[in-house]
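> My questions will all concern the structure given below.
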Amino acid sequence: MIPEIDASENSSPPTIRAVIEQYIQSRLNEKLEKLKQDDFTEREKLFEKYQSETWLDDASLRVSQIRLATHTPKQHHPSSKASAMFYAGQNKTHDFVGSQGLQLEADVIGNAAVLDVFKLLRQKFNGISLLERLLKADQDFIAALSNNVEQAEIRYQRFLAFSRIPSELNAGRLSKQVYFPVNQDNYHILVILYPSALVHRVYQQISHDRFGEQNKVLREARFKGLHQTQESREYPNLLVQNYGGSKPQNISQLNSDRRGSMWLLPSLPPVWQGLIVELPKSGSVFTGYLSNRKDVKPILKSIIHMYRYEYGQNNVEFRHRRDELVDQLVDCVIDMSFELQQSANSGWTLQPSRQFSQAESFWLDRGYREELFDKEDLDTLTDEEKEWLEAYRDRDWHTEVGSNFGGWLNKILTTKGKLADLDDHEARVWSIALRDKLRLMKEEFA
């Protein structure tokens, strides 16, 4: 009979054998706590069963009911009988970033009643788990399995067997299968297994980043607007996927450690967000609304500089450079009109607060124009809408818009360029440049 002791008293066992005996003792204590004080018969049976040699021999036999794994099948279907796979210590095949560079914790599937044996192998001695020592054939671990050398070797081979891939693999009729093309008319059938060990590592990292003490401090500092040298990691739009219901241990040990839960990172196509276009507040776009645009400012600056310092050299070269800049400016005006046509609501130029000229309304309010075209097809136009549409078709609004553009540019040059003697001839040049471009545009864009 072994005495009932508190395993926590030996928090740092001096040997691997002591680690094993401490674990067995803790299992015994758990059982004894559930017994009635006067149930002496059952108590004696437990003392006998949890003798170190007895328990180890029984554990080395029971371990065959579980299988060490890094990839498991039951997450895809809880009744799957497919073989689990265990990969460890694989040779390096490439230099790319991948899971092969991580130290992954092994999982176990099989009879949940035998998971107490695996919990023994997860115990650590000097920072190395007994499972790692088992897989590396650590002689100190083998010797700790029994005082008898031959018996220790037998138990070691029994324990080692549960880490080996079965000689006959079972795909399982409930497994997910994928036809993978090899060449023309030939395929491999791939059975998809769940990367349990890698998933668990991801779960641990996300848990640390979300609930770790350091991240709580960083999150609080960010809320208070305080500077921190460390980075804070956030995982928006997570979903939780559960496996195993009320019995997650029936799926695998690591699944049980996570209480059956796993976070899913969002793997979604980007959601298109249209460009937010600010509408002009006055009755024309040929105001500060246009001159303050980022693409317009540098062109205006160049034109102003030319007229302020080179206007006296009004020769062919000067006019050629000027025309190139004005063409660029006209293209910016066209781009601006596209933004307004495609983003603004129908009828926005007709709002009383804006009071756009009819020419610019014809040009910019594409939504309203298309709406009237549809109503015309259905013969549901009001008299006011008919009048607007007829004016759109009959009126030379391209010339009016061009004239507004020419007057706007002339005003900028006379004020910012300080050119009091600039005549209307220049304005006509600007006007024609935009007018001709508008006429060249197709009807649906102009």
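The values are calculated or read from the model by the stated rules, or taken from the named source; none is laboratory data. Nothing here was measured: the structure is a model prediction, and the numbers come from that model. Cβ: placed from backbone, ideal geometry, glycine included. Neighbour counts: every protein chain shown. Accessible surface areas use protein heavy atoms only, side chains included; no ligands, DNA or RNA. Shrake-Rupley method; radii C 1.70, N 1.55, O 1.52, S 1.80 Å.
> Please work out how much accessible surface Phe40 shows to a 1.4 Å probe, ignoring ligands, DNA and RNA, in Å² rounded to 10.
Roll a 1.4 Å probe over it and Phe40 shows about 130 Å².
> Also, quick follow-up: Running Debye on the chain with equal point scatterers at the Cα sites and no solvent, what base-10 log of I(q)/I(0) appears at q = 0.07, 0.09, 0.10 Å⁻¹?
Relative scattering, expressed as log10 I(q)/I(0), comes to -0.67, -0.78, -0.86.
> May I ask you to rank Thr72, Thr380 by accessible area, largest first, using a 1.4 Å probe over the protein chains only?
Thr380, Thr72
> Continuing with this model, one more query. Once you sort the root eigenvalues of the Cα gyration tensor of the range 353-403 as a ≥ b ≥ c, which label holds: rounded (a/c under 1.5), prolate (a/b larger than b/c) or oblate (the other case)?
Note, shape of the range 353-403 comes out prolate.
> Another question, then. For the chain, set up a Gaussian network in which alpha carbons nearer than 10 Å are linked by springs, and say which option among Ser52, Ser337, Ser60 fluctuates the most.
Ser337
> Go through His71, Gln351, Phe125 and say which Cα lies farthest out towards the positive end of the charge dipole of the chain; charges sit on Cβ, +1 for Lys and Arg, -1 for Asp and Glu.
Selected residue: Phe125.
> Compute the helix-to-body angle for 149-161: its Cα long axis versus the longest principal axis of the chain, expressed 0 to 90° and rounded to tens.
The helix 149-161 is inclined about 30 degrees to the chain.
> Compute the acute angle (0 to 90°) between the alpha-carbon long axis of helix 52-62 and the principal axis of greatest extent of the alpha-carbon atoms of the chain; round to the nearest 10°.
60
> Under 23 Å from the Cα of Lys437, which lysines turn up, not counting those fewer than eight places away in the same chain?
Cα-Cα hits under 23 Å: Lys294, Lys297, Lys301, Lys411.
> Using the heavy atoms of the protein chains and a 1.4 angstrom probe, tell me the accessible area per residue for the chain in square angstrom.
61
> Within the set of other residues whose C-beta is less than 15 Å from the C-beta of Ala113, count the net charge using Lys and Arg as +1 and Asp and Glu as -1.
Details: positive: Arg27, Lys31, Lys49, Arg62, Arg67, Lys119, Lys247; negative: Glu30, Asp58, Asp116.
The answer is +4.
> What is the distance in Å between the Cα centres of the range 47-91 and the range 383-409?
If you average the Cα positions of each part, the centres end up 82 Å apart.
> Based on the alpha-carbon gyration tensor of the range 167-281 and its eigenvalue square roots a ≥ b ≥ c, which shape applies: rounded if a/c is under 1.5, prolate if not and a/b is larger than b/c, or oblate?
oblate
> Where nothing but the Cβ of Lys and Arg (+1) and of Asp and Glu (-1) is charged, how large is the charge dipole of the range 117-183 around its Cα centre, in debye to the nearest 20?
About 380 debye.
> While we're looking at this one, here's another question. Based on the mean of other Cβ atoms within 10 Å per residue, sort peptides 77-84, 369-376 so the most packed one is first.
77-84, 369-376
> Could you give the radius of gyration (one decimal) and Dmax (whole number) of the Cα atoms in the range 327-437, in Å?
16.3, 55
> If you don't mind, another one. Helix 316-343 against the longest principal axis of the chain: what's the angle in degrees, Cα atoms only, rounded to the nearest 10?
The two axes meet at around 60 degrees.
> Related question: Given only helices, namely DSSP H runs of n ≥ 4 each adding -39500 (n - 2.57), what is the per-residue ellipticity at 222 nm of the chain, to the nearest 500 deg cm²/dmol?
After summing the helix terms and dividing by residue count, I get -15000 deg cm²/dmol.
> With the full set of protein chains in place, find how many percent of the accessible area of the chain is carbon and sulfur; take the probe as 1.4 Å.
Looking at the chain in its full context, I get 51 percent from C and S.
> Around Pro236, what is the net charge, scoring Lys/Arg as +1 and Asp/Glu as -1 over all other residues with Cβ under 15 Å from its Cβ?
Neighbour charge sum, excluding Pro236 itself: +2.
> Decide, for the range 222-272, between rounded, prolate and oblate: order the square roots of the alpha carbon gyration tensor eigenvalues as a ≥ b ≥ c, take rounded if a/c falls under 1.5, and otherwise choose prolate if a/b is larger than b/c, else oblate.
Working: a/c = 3.86, a/b = 1.77, b/c = 2.18.
Oblate shape, in that a/c is at least 1.5 and b/c is the bigger or equal ratio.
> Within the set of other residues whose C-beta is less than 14 Å from the C-beta of Glu150, count the net charge using Lys and Arg as +1 and Asp and Glu as -1.
That works out to -1.
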